[in-house]
Each structure stands twice: as C-alpha cells, then as structure tokens.
Amino acid sequence: MSSNLVFRVMQNEDVEEVIRLFSECFAHREPIGKYFGISVDTIEPRFTRPVTLECAKELLSFVCEDTSLPKGERIVGFRLCSSFKDEFELLKAKFDSISVDENHEAIKYLMNKLKHEWLCNDHPDLANDPSKMKKILSLFALGVKSTHANLGIATKLLTVSLNHAKSLGYELAFVIATAEISQHIFSKKLGFKQTFVLPYKDAEFEGRKFLAGIEKPPHLIVFEKFL
Ligand SMILES: CC(C)(COP(=O)(O)OP(=O)(O)OC[C@H]1O[C@@H](n2cnc3c(N)ncnc32)[C@H](O)[C@@H]1OP(=O)(O)O)[C@@H](O)C(=O)NCCC(=O)NCCS
C-alpha cells in the first residue's frame with residue numbers, strides 16, 4: 001500500500017469533506033442509492049450530513065487521507081461508526097401515526113427494524129442491559145473514492161476502526177452490508193458472521209416491495225463480529 005495513505009480517526013475538520021465523498025459514493029455507487037437515482041443534493045441533507053454529524057460526536061470513525069493530493073481533496077476513504085442505539089420503537093411509533101411514502105424514510109425504517117430484530121433475536125441478553133449494549137459498535141457507512149478502488153483501503157479502514165473500538169472496550173460489531181464488495185470484505189476478508197439475509201425483492205414497507213428492482217447483489221446481509 002502506498003506510503004502516501006494515512007489512516008486516522010475522523011476529526012471535526014474532516015466532516016465537510018467526508019460528507020461530500022459519502023454523498024458521491026452513496027448516490028452513484030451504493031446499490032440502494034443507485035437504484036433510486038438519488039442525487040447528491042438530495043441525499044446530503046436527508047442522510048449523509050445527519051449521519052456524519054452524529055458519528056463525529058464520538059471518536060470512533062476513521063478516514064484515509066492521500067497526502068499526495070491537494071488539501072481539501074485528500075480524504076479518499078471513510079468508515080463511519082457509532083455506539084449502538086436501538087431506536088426502532090420510537091421510529092415505529094412515528095411511522096404508525098403518519099403515512100410516509102418517501103423512499104429514504106422507508107430505508108431508515110427497514111435498517112432500524114433489522115437492527116432491532118438482530119438485537120432482540122440474536123442477543124436478548126444485551127437488549128435488556130444498557131451497560132452491555134454500550135459495548136456494541138455500529139458500523140454505518142463505508143466509502144472509498146473510485147480513483148482509489150481495490151487498493152485495500154476499505155479493508156484497512158475496517159481493521160483499524162475495529163482495533164480502535166476494541167481498545168476502547170467495545171466487544172461486538174454490527175453492520176448491515178448492502179453492496180456486493182462490502183459483503184465480500186465482511187465475510188471473506190474480515191471473518192464477520194452472517195446472521196440474517198434479506199432478499200431485496202422481499203423488503204417491504206407499508207405494503208410496498210420498495211427495493212424489488214435491485215438485482216445485484218440479490219440481498220442485503222446483517223453481519224456481526226466479536227472483537
Ligand atoms: C465498498 C467500497 C468501500 C470498497 O472499497 P475498496 O477500498 O475498493 O475495497 P478493498 O480494496 O478493501 O477491497 C475490495 C475487495 O472487493 C473485491 N471486489 C471488487 N469488486 C467486486 C465485486 N464486484 N464483487 C465482489 N467483490 C469485489 C476485490 O477483489 C477485493 O477483494 P480481494 O482483496 O479479496 O481481492 C467501495 O467500493 C465503495 O465506496 N462503494 C460505494 C459505497 C458502498 O457501496 N459502500 C458499502 C455500503 S455497505
């Protein structure tokens with residue numbers, strides 16, 4: 001790997017650059033964003049900005065900087081993480097009281113439902129104990145600039161962020177992988193255990209199979225790994 005690549009904890013001053021890269025990666029290359037044809041301008045205020053700002057509150061996320069590039073364009077990869085929160089009941093109450101037909105709300109609902117079901121079905125002992133739940137790391141978004149693809153940057157970002165979290169006392173990592181490459185990385189390269197597979201054609205929100213047109217990969221996968 002090039003010596004120009006530096007891996008370090010994401011700081012507040014990285015946030016705007018990360019939001020830009022996160023928006024580009026998820027609008028143009030991540031399967032769900034690509035399927036809906038979401039624009040960078042739409043995805044930013046609704047998804048990538050709030051998620052990045054939330055993750056920046058905890059020093060758990062990592063970036064990869066290419067120091068050979070000009071300042072302000074150096075971040076070529078990011079791995080956003082946060083401590084695990086189960087907010088499904090709150091979200092469900094909101095969605096039960098209003099009818100929501102926007103796709104980004106449907107995605108949020110689905111992701112939170114999968115997270116909640118993983119916790120309650122696979123780890124009921126943690127679900128009932130807030131002090132144990134604090135030891136779960138949630139892996140949110142992972143992205144690498146296409147100019148730097150297949151150099152091992154995402155794999156290294158994951159390795160350093162998992163080691164860092166472990167050194168802080170985290171014991172278990174949780175992630176929902178939506179893309180073929182990330183599914184390959186989690187299962188084949190980093191030894192994550194697959195706990196649940198949801199075919200995109202079966203994902204439903206308010207009676208709508210809203211991801212039915214996604215063919216590649218055929219499903220999203222819930223993974224976990226003990227650190
Ligand atoms: C997913 C992503 C972060 C990977 O970044 P990256 O730095 O190129 O990944 P790495 O170089 O660490 O690893 C790539 C691995 O995937 C493999 N790969 C490449 N294309 C692939 C494909 N279409 N299907 C399966 N595996 C693939 C590579 O061969 C390599 O594995 P290997 O080392 O066993 O050969 C990047 O593609 C990206 O930003 N995608 C858009 C956003 C996204 O989908 N994020 C994940 C959402 S869960």
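The values are calculated or read from the model by the stated rules, or taken from the named source; none is laboratory data. None of the values given here were measured: they were computed from a predicted structure. FYI the Cβ positions are ideal-geometry reconstructions off the backbone, even for glycines, and counts take in every protein chain you see.
Check Ser82 against each of (1) free of Cβ contacts under 8 Å to residues at least 24 places away in the same chain; (2) within 16 Å of the ligand (Cβ to nearest atom); (3) among the hydroxyl-bearing types (Ser, Thr, Tyr) and name the one condition it does not meet.
Ser82 satisfies every listed condition except (1).
Are any of the residues in the range 119-136 crowded, with 16+ Cβ neighbours inside 10 Å, within 16 Å of the ligand (Cβ to nearest atom) and under 18 Å from the mean Cα position of the chain (by Cα)?
Checking the range 119-136: not a single residue is crowded, with 16+ Cβ neighbours inside 10 Å, within 16 Å of the ligand (Cβ to nearest atom) and under 18 Å from the mean Cα position of the chain (by Cα).
Looking at (1) modelled with pLDDT under 95; (2) in a loop (DSSP other than H, G, I, E, B), which one does Leu69 not meet, given that it meets all the others?
(1)
Can you pull out every residue in the range 156-215 that is among the polar types (S, T, N, Q) and either modelled with pLDDT under 95 or buried (at least 19 other Cβ atoms within 10 Å of the Cβ) (or both)? Please lay out each step first, then the result.
As a first pass, look at the range 156-215 and keep what is among the polar types (S, T, N, Q): 159, 161, 163, 167, 178, 182-183, 187, 194-195.
Listed by number, the residues that qualify are Ser161, Thr178, Ser182, Gln183.
Quick check: anything in the range 197-211 within 9 Å of the ligand (Cβ to nearest atom), assigned to a helix (DSSP H, G or I) and either closer than 23 Å to Ile38 by Cβ or among the basic types (Lys, Arg) (or both)?
no
Evaluate the range 149-171: report whether one residue or more is among the hydrophobic types (A, V, I, L, M, F, W, C), near the ligand (Cβ under 10 Å from one of its atoms) and outside any helix (DSSP H, G or I).
So far as the range 149-171 goes, yes, one or more of its residues are among the hydrophobic types (A, V, I, L, M, F, W, C), near the ligand (Cβ under 10 Å from one of its atoms) and outside any helix (DSSP H, G or I).
Find all pairs meeting these conditions: Cβ atoms under 7 angstrom apart; at least six residues apart or on different chains; first residue within the range 31-60 and of a type in the set (A, V, I, L, M, F, W, C); second residue exposed (fewer than 13 other Cβ atoms within 10 Å of the Cβ).
Ala56/Asn12
Looking only at residues in the range 62-101 that are of a type in the set (Asp, Glu), more than 20 Å from the chain's Cα centre (by Cα) and farther than 24 Å from Val9 by Cβ, which one is surrounded by the fewest Cβ atoms within 10 Å (Cβ to Cβ)?
First pass over the range 62-101, keeping only residues of a type in the set (Asp, Glu): 65-66, 73, 86-87, 89, 96, 101.
Remaining after also requiring more than 20 Å from the chain's Cα centre (by Cα): 66, 73, 89, 96, 101.
Applying the additional criterion that residues be farther than 24 Å from Val9 by Cβ yields 89, 96, 101.
On the way: Glu89: 10, Asp96: 8, Asp101: 10.
Only one residue fits best here, namely Asp96.
Considering only the range 201-227, state which residues are in contact (Cβ under 8 Å) with a residue 24 or more places away in the chain and not aliphatic (A, V, I, L, M).
Phe205, Glu206, Arg208, Phe210, Gly213, Lys216, Pro217, Phe223, Glu224, Lys225, Phe226, listed by residue number.
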